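This structure is in structure tokens; I'll ask about it shortly.
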Amino acid sequence: MHELVPLKRWGKPADIGSAAVFLASEQANYITGQQISVSGGFGV
């Protein structure tokens, strides 16, 4: 099934963690009310 994911690999916990750390950082202080999909480009 991972062939359906554009990045051709399953996500890792670090992928989710990196997004969470970024969103909690000062660099993301102007981001509000967004839905961020950490999916490797996979969509239904």
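Enumerate the calculated ³J(HN,Hα) couplings along the stretch 30-40 in order (Karplus 6.51 cos²θ - 1.76 cosθ + 1.60, θ = phi - 60°), each rounded to whole Hz, writing x wherever the residue is Gly or Pro.
9, 8, 9, x, 10, 9, 10, 9, 9, 10, x
Let me ask another. Counting only helical runs of four or more DSSP H residues, what would the 222 nm mean residue ellipticity of the chain come to if each run contributes -39,500 (n - 2.57) and the total is spread over all its residues?
-8500 deg cm²/dmol, from helical runs alone.
Computed from the coordinates by the stated procedures, all read-outs in this text should not be read as laboratory data. Please read these numbers as outputs of a predicted model, since none were measured by experiment.
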